[in-house]
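A quick write-up on the structure given underneath.
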Amino acid sequence: MKPVLVAVLSVIAVSLFVMTGFADDTKQETPGESAFNEYCMACHPGGNSIFNPAMTLHKNDLDAHNIKTPEEIVKIMRNPGPEMTQFSKDDIPDNVAKEIAEYILKNLK
């Protein structure tokens, strides 16, 4: 193979590697993201809702239901509607529930 072609292919391979994020092993899940993935992801993949498509965790739907603070999300976690699992303080301690709520508000746009 010609040296120029090898160089071009090498640059392309490295670019793809970096663009796909494989080169950045430093990204760590936040505690809120980790807890969300553990407790919420099964029913809210990507912030959606598998049971009620109108009740997503995305900002526009939360705003439409006047849910704007971590405390309001934790309140729903503690006393949800009939389709959602209820999470007591024993299931998810308050500090972890707040981290989940903050993750939702910050990351699920």
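Points worth noting:
- Hits in region 28-48 (condition: touching a residue at least 24 places away in the same chain (Cβ under 8 Å) and hydroxyl-bearing (S, T, Y)): T30, Y39
- Test: residue in region 25-35 that is within 19 Å of I92 (Cα to Cα) and acidic (D, E): yes
FYI, it's all coordinate maths here, none of it is from the lab. Since the structure is predicted, the reported quantities are computational estimates derived from the model, not experimental observations. Positions of Cβ are generated from backbone atoms using ideal geometry, with glycine treated the same way; all protein chains shown enter the neighbour counts.
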